[in-house]
Amino acid sequence: MQSAGSVVSLTSRPVVGALVTAAAYWLGTQIGLLLTPSQLAVSLMWPPNALLLSALLLTARRNWPWYVVAVLPVHLLTQLSHGIPLVTSVGWFATNISEALIGAYVLQRLKAPRDLFETFAGVLLFFAVGVAGVIGLTSFLDAAVVVATGMGGGTGTCGAIASRRTLWQH
């Protein structure tokens, strides 16, 4: 039994850490959905990915499956409750998980997570890999999910570009 003054390390208790991460992922999803313009299929900012990346950075790789399993039902139920089709939600889950897993893996390989924010070079590394690099790569996958599932529906950025192209051709 732990004393009242001791701190529980979530990273040493993978199930607890995964459940706390799932709760944060739910909150981040709610915020992300609020930040999604009604004409667009994707959000301007998607906090759950950053939250999951952060949790994975602080967790041993052997425990990552707990986190993926914990956020899956949260992701699906939240998106389905907002009218997002199952196939789109599953596609976006794959891209979200890929983003967090690739980012955390590469960052952990390049620098110890505890040292990542100790130097300016570490912060630059985090932004290069975790923000620009992985997000840049997975954004194409997100767009592919939108197009493949018809979630864009001719509205939003893709629809607006297509409409302008049609207008310019006349």
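Within the range 95-127, the residues that satisfy the criterion of being loosely packed, with under 14 Cβ neighbours inside 10 Å and small (Gly, Ala, Ser) are 112, 121. For residues that are aliphatic (A, V, I, L, M) and under 13 Å from residue 100 (Cα atoms), scanning just the range 133-153, find the one that is nearest to the chain's Cα centre (by Cα). If we take residues in the range 133-153 being aliphatic (A, V, I, L, M) and under 13 Å from residue 100 (Cα atoms), then 135 is nearest to the chain's Cα centre (by Cα).
Go through the range 59-105 and count every residue that is more than 15 Å from residue 46 (Cβ to Cβ) and without any contact (Cβ under 8 Å) to a residue 60 or more places away in the chain. Full working, then the answer.
Taking the range 59-105 as the starting set, the residues that turn out to be more than 15 Å from residue 46 (Cβ to Cβ) are 59-70, 72-73, 76-77, 80-81, 83, 85-87, 90, 101-102, 104-105.
Narrowing further to those that are without any contact (Cβ under 8 Å) to a residue 60 or more places away in the chain: 59-70, 72-73, 76-77, 80-81, 83, 86, 90, 101-102, 104-105.
So the count comes out to 25.
Identify all residues within the range 25-38 that are closer than 17 Å to residue 70 by Cβ and either of a type in the set (Ser, Thr, Tyr) or modelled with pLDDT under 80 (or both); write none if there are none. Selection gives 25, 29.
Quick one: is residue 51 surrounded by fewer than 20 Cβ atoms within 10 Å (Cβ to Cβ) and either within 10 Å of the chain's Cα centre (by Cα) or on the phi < 0 side of the Ramachandran plot (or both)?
In short, no.
Against the condition modelled with pLDDT under 80 and either basic (Lys, Arg) or crowded, with 17+ Cβ neighbours inside 10 Å (or both), how does residue 22 come out, does it pass? Break it down stepwise before answering.
Working: modelled with pLDDT under 80: no; either basic (Lys, Arg) or crowded, with 17+ Cβ neighbours inside 10 Å (or both): yes.
No, not satisfied.
Which of the residues belonging to the range 97-114 are modelled with pLDDT under 90 and either outside any helix (DSSP H, G or I) or within 13 Å of residue 141 (Cβ to Cβ) (or both)? Answer for the range 97-114, where residues must be modelled with pLDDT under 90 and either outside any helix (DSSP H, G or I) or within 13 Å of residue 141 (Cβ to Cβ) (or both): 111, 112. Mind telling me which of the residues 74, 87, 131 ends up being crowded, with 16+ Cβ neighbours inside 10 Å and of a type outside the set (Ser, Thr, Tyr)? Of the residues listed, the single one that is crowded, with 16+ Cβ neighbours inside 10 Å and of a type outside the set (Ser, Thr, Tyr) is 74. Only one residue in 77, 27, 57, 33 is closer than 13 Å to residue 93 by Cβ and out of contact with any Gly (no Cβ under 6 Å at 6 or more places or on another chain), so which one is that? Selected residue: 77, the only one of 77, 27, 57, 33 that is closer than 13 Å to residue 93 by Cβ and out of contact with any Gly (no Cβ under 6 Å at 6 or more places or on another chain).
Test residue 106 against the stated conditions and say whether it is closer than 24 Å to residue 17 by Cβ and among the hydrophobic types (A, V, I, L, M, F, W, C). Step through it out loud before you land on a result.
On the way: closer than 24 Å to residue 17 by Cβ: yes; among the hydrophobic types (A, V, I, L, M, F, W, C): yes.
Taking the combined requirement at face value, the residue satisfies it.
The single condition among (1) assigned to a loop (DSSP other than H, G, I, E, B); (2) of a type outside the set (Gly, Ala, Ser); (3) touching a residue at least 40 places away in the same chain (Cβ under 8 Å) that residue 117 does not meet is (3).
The values are calculated or read from the model by the stated rules, or taken from the named source; none is laboratory data. Keep in mind that what you see is a predicted model, and the values were worked out from it rather than measured. Cβ sites come from the backbone with ideal geometry, for glycine too, and all protein chains shown count toward neighbours.
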